Amino acid sequence: MSVERNLAPRTVEEYTEDLHHFLHSKTIDIEKNQDFSLANLDERTIREYLAELKQVLHYTPRSVNRKIACLKSYFGFLEKDGFIKRSPAEKLKSVKDHRPLPKVLSVDDMTALLAAVAPMEIPKKPTAEWLRKNSKLVRDRAIVELFYASGIRVSELVGLNLDAVDFKEKTAKVLGKGQKERYVLINDASVEALKRYLSIRPEIKNSALFLSRRGRRISIRMVQTLLKRHLKRAGIHKPASPHTLRHSFATHMLEGGADLVTIKELLGHANLSTTQIYTNISISHMKETYRKSHPRSSEQEWPAKKGSLKKEKE
């Protein structure tokens, strides 16, 4: 997977966990089943495992589909390399997944979030005490600005190095899914926030752009935690994550007049069909705005009782 298919390390880890879960499930349980053999595994046993996921463990369709993808890939590999005669997962089909639309923050929400992370002006010669109290805030502002300006994934953000940002061209080079490099655009606000952060960033031998307090590359978990903290400070109680900022970037771009092809390239999507979900979000937003704005769209404009029209005529 990592060499031939060039998949990301995180994807390989997830598939490894899925396969381990399958082999140690109640249906298979290779530790207790001494006679277990991959060559004798049939389609019915795999379907029993999938039933266990849905009916006993209450997995979502999306989680079940990832397990199916793992098994189809694994047994396909075994068949291809001659370990088994035929893949028992060959005929498996994905479960229908009626996923809700991605959650997004409104423009007002993003304004409030950025205001909550806004640091005070940086002194020309910041003291150690000032840095202790405010350096994280300066870094966090740069992170949120960069998320909203570029729509990058959290894994792409934590992987940024110092030489990735071109302030003159207002671009950043990121490493996306499948180890594919691409350039994203950044705006004046994010450039200013990044320059502020770099002016107080510790001068240590670490190529990472964003550092933790201990001078290490910031982790995905740390970014999730800091965003949660600043959302609370901003008074935003909607469930949100770094990926919510990515969804918000794409939705606000579309509502501002950007075309889907441009958004697809900025997000690094392989297929336009993936990007088209933001059209549905915009339609949903448009309907909600219409419902709140049109004087005749509210239910209270209609007669409350069936007999009210009859009384009017009388």
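General remarks:
- The residues listed here are Lys32, Lys26, Lys67, Lys80; of these, the one that is more than 30 Å from Ile220 (Cβ to Cβ) and surrounded by 11 or more Cβ atoms within 10 Å (Cβ to Cβ) is Lys26.
- Unmet requirement for Arg217, which otherwise passes all of (1) charged (D, E, K, R); (2) closer than 18 Å to Leu105 by Cα; (3) in contact (Cβ under 8 Å) with a residue 40 or more places away in the chain: (2)
- Region 157-168 residues that are touching a residue at least 60 places away in the same chain (Cβ under 8 Å), paired with ones that are of a type outside the set (A, V, I, L, M) (beta carbon under 8 Å, 6 or more apart): Leu157/Phe147; Leu157/Phe210; Leu157/Pro242; Val158/Phe210; Val158/Arg217; Val158/Ser219
- Failed criterion for Arg86 (all others in (1) free of Cβ contacts under 8 Å to residues at least 24 places away in the same chain; (2) surrounded by 13 or more Cβ atoms within 10 Å (Cβ to Cβ) hold): (2)
Table: residues versus (1) buried (at least 16 other Cβ atoms within 10 Å of the Cβ); (2) free of Cβ contacts under 8 Å to residues at least 24 places away in the same chain; (3) in contact with a strand residue (DSSP E or B) (Cβ under 9 Å, 6 or more places away or on another chain).
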| residue | (1), (2), (3) |
| --- | --- |
| Leu175 | yes, yes, yes |
| Gln179 | no, no, no |
| Leu194 | yes, no, yes |
| Ser199 | no, no, no |
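- In region 1-27, the residues that are touching a Ser or Thr at 6+ places or on another chain (Cβ under 8 Å), closer than 20 Å to Ala89 by Cα and either assigned to a loop (DSSP other than H, G, I, E, B) or touching a residue at least 60 places away in the same chain (Cβ under 8 Å) (or both): Met1, Thr27
- For the residues Arg139, Arg62, Arg66, the requirement of being touching a strand residue (DSSP E or B) at 6+ places or on another chain (Cβ under 9 Å) and under 30 Å from Ser248 (Cβ atoms) singles out Arg139.
- Within this structure, Pro119 fails the test of being in a loop (DSSP other than H, G, I, E, B), surrounded by 13 or more Cβ atoms within 10 Å (Cβ to Cβ) and either within 24 Å of the chain's Cα centre (by Cα) or outside the structural domain of Pro202 (by TED's automatic domain parsing) (or both).
- Within region 257-294, tally of residues that are modelled with pLDDT of 70 or more, hydrophobic (A, V, I, L, M, F, W, C) and not in a loop (DSSP other than H, G, I, E, B): 7
- One residue stands out among those in region 122-155 that are of a type in the set (S, T, N, Q) and touching a residue at least 40 places away in the same chain (Cβ under 8 Å): the one that is nearest to Arg10 (Cα to Cα), which is Ser155.
- Test: residue in region 73-91 that is closer than 30 Å to Pro242 by Cα, part of a loop (DSSP other than H, G, I, E, B) and of a type in the set (Val, Ile, Thr): no
- Against the conditions (1) crowded, with 19+ Cβ neighbours inside 10 Å; (2) closer than 20 Å to Ser219 by Cβ; (3) in contact with a Leu (Cβ under 8 Å, 6 or more places away or on another chain), Asn161 satisfies every one except (1).
- Test for Phe36: is it touching a residue at least 12 places away in the same chain (Cβ under 8 Å) and either not in a helix (DSSP H, G or I) or not assigned by TED's automatic domain parsing to the domain that holds Arg153 (or both): no
The values are calculated or read from the model by the stated rules, or taken from the named source; none is laboratory data. Everything numeric in this text was worked out from a predicted model, so none of it was measured. We place every Cβ from the backbone using ideal geometry, glycine too, and count neighbours over all the protein chains shown.
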